């Protein structure tokens, strides 16, 4: 049988084409360089049908879970990457029998005992990682772009679990090899509903009832938005207890404002329509350098939006503490203002509302979507204030700067991935910044 590193090397030409099609691959839009195996191992020395590999492509690491076999069933043939020694090599995360064996690699957290013989199934929507559910008990996140050193998602979950946070899925174990965090196993919440799905369903219900106001719609989300705000504030309080934070004075705020202004200039260069608001946005960024009081910084979620939340039977849960995907890994590990998370969620309410009416010429629908967004933004802040020491709206200058910075980031994202959606964040900037 071919050695695992030799198999990966032999498959390199096919891997280059396959990687370019994966959602989690970072090198889209450019020519892909050499694919070099850094780590490769058979997960079973007898069967040689399941292989875990980490490859280097243009300086980036990627984790691959590969299966090998002959006479594959139809549902696996579409996942085949290539052939080596007469055997098909395919993405084994799609194979329930092989994926189930990944549980054997997990080093459990203290006191955790895992059940065995659980059926595995791949979660259909991939982002920067791949998730596999085992029975109704566990969910394994495979880090497709593993980094050396501390993994933020694992570290923050462990810290929150240590102080008894009730708004996370319990950490159960990890897959760690050669100093790389390759997988993270957590409690699975089979009855939980995605926050984005709940919010957009609420907007859809509202728009389906002409003339009805957001407060009177049957699917009003404001109560849940308030409870979500309280949950976020509780997680922030737990993180402040578990991990050391700091404060930002004028020098640190000036550096932060400079970074936001640099992002603004870069995006304006790509979207001239933003130029109309650039002066006002830049002034908002500059205003944070004049704040009289130091800004408290602590460890936060770092990429908070409705899609990073689940509504379970016992309340709201926050997931995926990896931080902003586009941020430098070292920067993600640094403390930040909790208002960054609040701003991210406020932007998410805007997205939930306006993604259903973007491009619409129905002024009434657009107006009512805006009313839904404002109602739920306010409810979220009120819920947050019920747990936190202060209402985030009391820090209007900093909150507005973070929200506008997030909208600028969103414009860049949409230009790269969904150009048709760019008017959603641009509309947010138009609402919260004055033309100059």
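The values are calculated or read from the model by the stated rules, or taken from the named source; none is laboratory data. In this text the structure is predicted, and so the values were computed from the model without any measurement. Backbone-built Cβ (ideal geometry, glycine too); neighbour counts: all protein chains shown.
Some points to look at:
- Looking at the stretch 272-354, the helices (runs of 4 or more DSSP H) lying wholly inside it that each contain 1 or more residues that are over 22 Å from residue 377 (Cα atoms) and not assigned by TED's automatic domain parsing to the domain that holds residue 160 sit at 275-287, 329-332.
- Test: residue in the stretch 7-22 that is under 19 Å from residue 147 (Cβ atoms), touching a residue at least 40 places away in the same chain (Cβ under 8 Å) and under 29 Å from the mean Cα position of the chain (by Cα): yes
- Only one of the numbered conditions (1) touching a residue at least 24 places away in the same chain (Cβ under 8 Å); (2) over 22 Å from residue 303 (Cα atoms) is not met by residue 367, and that is (1).
- Single condition residue 114 does not satisfy, out of (1) surrounded by fewer than 16 Cβ atoms within 10 Å (Cβ to Cβ); (2) under 27 Å from residue 300 (Cβ atoms); (3) touching a residue at least 12 places away in the same chain (Cβ under 8 Å): (2)
- For the stretch 373-393, the tally of residues that are over 24 Å from the mean Cα position of the chain (by Cα) and within 18 Å of residue 198 (Cβ to Cβ) stands at 1.
- Lone qualifier among 149, 173, 82, 124 - being surrounded by fewer than 15 Cβ atoms within 10 Å (Cβ to Cβ), outside the structural domain of residue 314 (by TED's automatic domain parsing) and either in contact with a strand residue (DSSP E or B) (Cβ under 6 Å, 6 or more places away or on another chain) or touching a residue at least 24 places away in the same chain (Cβ under 8 Å) (or both): 149
- Criterion: buried (at least 20 other Cβ atoms within 10 Å of the Cβ) and either at pLDDT 95 or above or touching a helix residue (DSSP H, G or I) at 6+ places or on another chain (Cβ under 6 Å) (or both) - qualifying residue of 436, 408: 408
- Within the stretch 223-257, the set of residues being part of a helix (DSSP H, G or I) and surrounded by fewer than 13 Cβ atoms within 10 Å (Cβ to Cβ) comprises 223, 251, 255.
- Flag for residue 220 being in a helix (DSSP H, G or I) and either under 20 Å from the mean Cα position of the chain (by Cα) or assigned by TED's automatic domain parsing to the domain that holds residue 348 (or both): no
- Subset of the stretch 132-149 (residues that are farther than 16 Å from residue 109 by Cα and part of a loop (DSSP other than H, G, I, E, B)): 135, 136, 144, 145, 146, 147, 149
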